[in-house]
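Down below is the structure, laid out as structure tokens.
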Amino acid sequence: MELVEIVILAVVIALAAVGLVGGLVVGSRKKKLPPPPPSTPTITPPAEPKVGEEAETPRDEARRTIDEVGLPDATAPAEEAPVVETPAPPALEVPEPTEGRLVRLRARLARSQNSLGKGLLTLLSRDNLDEDTWEEIEDTLLTADVGVAPTQELVERLRERVRVLGTRTPEELRALLREELITLLGPDLDREVRTEGGAETPGVVMVVGVNGTGKTTTTGKLARVLVADGRSVVLGAADTFRAAAADQLQTWGERVGARTVRGPEGGDPASIAYDAVKEGIAEGADVVLVDTAGRLHTKTGLMDELGKVKRVVEKHGPLGEVLLVLDATTGQNGLVQARVFAEVVDITGIVLTKLDGTAKGGIVIAVQRELGVPVKLIGLGEGPDDLAPFEPGAFVDALIGD
């Protein structure tokens, strides 16, 4: 028995030793393993501010009294804001008064028309006025674009009066020629540019003519004439065919303080004309000048478009004037243009431009006879105030000299 117990005890001790060794080995292995990943940290949201009874007692902080706070020095100059310079508006020009303007321009007119008057006086001063001389007088008048019918009428009257007069001193011939030329020009025609409007509408003037005759320039110069007479003006840039027409007209207007109503290039001329008159009514302007196109972008006929402009403008009120601008240097070609325009827009007056240089003064007589309407304005140069009301007496005096 004792032997068996000893064996069992030995086995138990051996097993216990083996278990102890195994535990030590396992423990050492656990120490060598990498540490486990850190767990997701718990985020504690910030405490909401408490109010009322739950509010925290404010902490004591060092504070300064009003005496301890430094104030800015009142005598120190304040920092000035940067000055932004705005461009000065263009200085307005003061146009020359229209009264007597043609008289002031007489010397210029005389230089360009001298051949007509002096030529006639030279022929009439001959001792023997035979048929050849009278034919030369006719040729002189025709060359000056007086026209066939007016020329024949003038020659017949001169022949009769020279025959009755008998003696012909230079003073008598000059007076005779002056009287007959003034008669041909129609001294009794109404040459006033009608710019009077209604009680609540401005006077409206429509300016027509072929591009290249000086139409837009004439419109700008006419604005100066009206401003010189104390009228307020609105300009309508209804010539949308030429890219520079609206800019050109606006420049003329800015010089005298007249506003320009314009639209896009190639826009509807009638619409712009309508807006210009509408703006003129809103501003209480005295006169609205509408510059129309002499050519068009569209396939619509020019004359149809001008008729449309006239009808649209008349929706605001009656049209005071339709001025046809003609280039005096074109002579008989200008008469052809005049006939076409007169058939569409009822021309009420004529403006002859470029009546200097090589111009022929007889065109004044011819165009009046052709259209049955008076020449109301003439242009005698490139200056801004070279547009003058037409005065038959001053014109003839410039033709034949003193």
Global form of the stretch 230-278, assessed from the alpha-carbon gyration tensor, a/c cut-off 1.5: oblate
Set K215/K315; K118/K376; K215/K278; K278/K315; K354/K376 screened for pairs whose C-alpha atoms are more than 18 Å apart: K215/K315; K118/K376; K215/K278
Prolate/oblate/rounded label for the stretch 182-317 (Cα gyration tensor, a/c 1.5): rounded
Solvent-accessible heavy-atom area per residue, rounded to whole Å², over the stretch 265-402 at 1.4 Å: 38
For the stretch 298-355: rounded, prolate or oblate by the Cα gyration tensor [a/c cutoff 1.5]: oblate
Sorted peptide list for 178-190, 222-234, 257-269, 202-214, criterion being average Cβ within 10 angstrom, highest first: 202-214, 222-234, 257-269, 178-190
J(HN,Hα) series, the stretch 371-387, from Karplus relation 6.51 cos²θ - 1.76 cosθ + 1.60, nearest Hz, glycine and proline x: 9, x, 10, x, 6, 9, 9, 9, x, 10, x, 9, x, x, 10, 8, 9
Per residue solvent-accessible surface (Å²) - the stretch 191-252, probe of 1.4 Å: 33
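The values are calculated or read from the model by the stated rules, or taken from the named source; none is laboratory data. Predicted model, so just to flag it, every value in this text is computed and none were measured. Cβ: placed from backbone, ideal geometry, glycine included. Neighbour counts: every protein chain shown. Note: areas computed on protein heavy atoms with side chains; ligands, DNA, RNA excluded. Shrake-Rupley method; radii C 1.70, N 1.55, O 1.52, S 1.80 Å.
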